[in-house]
Amino acid sequence: MKKTCVALLLLLFGLLVSPALTRAEHDGKLQILLLGDSTTIGSVCRITDPKGPHLEDVIRLLMATEKDLPPVNVINQGRDGEYIQRLLADKRYDKEIARLPGIDYVLIRYGLNDIGRREDFDNNFPKDFHELIARLKADFPKAAIIPVTIIPYMTPEADARILNTALGAELEAIAAYQVGAESGLLQKPVLDLAVTFQGHHRQHADVLAKTVAKLGGKPVAAKAKYAFPVETLKTQADVLRFAATLEKGAVSAYLGAVPLFGDRDLAKAAASILGDEAMHWAILRNALGEAPVPDAFVS
């Protein structure tokens, strides 16, 4: 979060001091492109709080406070599970990024998935970043490029921060299943299944909280209220689909977190929780009549 704030400040500073770059030639608006992984697109936030504001909205609102700047259009091209080499090798860059018109600024935020999925990370990640920046410069020669990355600090304090983020998500899942259980929409044995899954999340949260405290951190507490889309939950299938989406988001979050831990035992524990979340997701999909395991890999 701190690095995101720094990047936004850099972006705002660049807009204020670089009038040559702020011509806003496309539709009279500055075009800001966001590239990155789940920390850019904020998929879990979009599930729990669909109305936002999301990252692109925050940037737009910040820029609007500067009355001497033209209107801003922010294009969020973040993707769950994405890393630079995949963006380039799968041709998504060519199909979806290179063709965008009139880009003035590009904010790049990768690293979370690269460190776990890119072979020979230490050598290849810098090369991938340089290649991406070179492509962007070629396709958007007038754009200012602001690179940001997430790399593990490999300290107990950093591990505690990662675990606290996971703890917050587990507490949110507990609350979400409570909403489902109290909705009156779930029939047995689906209700029993939801209560069982909620119990799993309680166990996850208990272990995570104790570990954060053991590492010297302060475990986060559950929020008094979560912005769940309860108005959209009209049937049992709606509740199941909501829960399945949350579980999928949890799988992605743990997948990204596992390679970041400095303590390998913590990485193993997180991977174990990931497996449980994946089973939840598969069972919920099956209950919805969907293929329980839609792909060979999770992302």
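The values are calculated or read from the model by the stated rules, or taken from the named source; none is laboratory data. Being a predicted model, the structure only gives us computed values, none of them experimental. Note: ideal-geometry Cβ built from the backbone for every residue, glycine included; neighbour counts use all protein chains shown.
Output yes when any residue across the stretch 135-158 is under 26 Å from residue 83 (Cβ atoms), surrounded by fewer than 19 Cβ atoms within 10 Å (Cβ to Cβ), aliphatic (A, V, I, L, M) and modelled with pLDDT of 95 or more, and no when none is. Looking for residues that are under 26 Å from residue 83 (Cβ atoms), surrounded by fewer than 19 Cβ atoms within 10 Å (Cβ to Cβ), aliphatic (A, V, I, L, M) and modelled with pLDDT of 95 or more, one finds at least one in the stretch 135-158, hence yes. Residue 227: among the aliphatic types (A, V, I, L, M), outside any helix (DSSP H, G or I), under 18 Å from residue 44 (Cβ atoms) and touching a Lys or Arg at 6+ places or on another chain (Cβ under 9 Å), yes or no? Answer is yes for this residue. Which members of the stretch 233-264 meet the condition of being in contact with a Leu (Cβ under 8 Å, 6 or more places away or on another chain), surrounded by fewer than 20 Cβ atoms within 10 Å (Cβ to Cβ) and not β-branched (Val, Ile, Thr)? Answer for the stretch 233-264, where residues must be in contact with a Leu (Cβ under 8 Å, 6 or more places away or on another chain), surrounded by fewer than 20 Cβ atoms within 10 Å (Cβ to Cβ) and not β-branched (Val, Ile, Thr): 233, 234, 236, 237, 238, 241. Look at the stretch 41-63: where a residue is without any contact (Cβ under 8 Å) to a residue 60 or more places away in the chain and a partner is assigned to a helix (DSSP H, G or I) and hydrophobic (A, V, I, L, M, F, W, C), sitting 6+ places away or on another chain with Cβ atoms under 6 Å, you get 42/55.
Would you confirm, using the coordinates I've provided, whether residue 104 is free of Cβ contacts under 8 Å to residues at least 40 places away in the same chain, of a type in the set (Asp, Glu) and within 30 Å of residue 75 (Cα to Cα)? Here the answer is no, as residue 104 does not meet what is asked.
Could you tell me which residue of the stretch 245-297 is nearest to residue 114 (Cα to Cα), considering only residues that are in a loop (DSSP other than H, G, I, E, B) and of a type in the set (A, V, I, L, M, F, W, C)?
Checking each candidate, the answer is 261.
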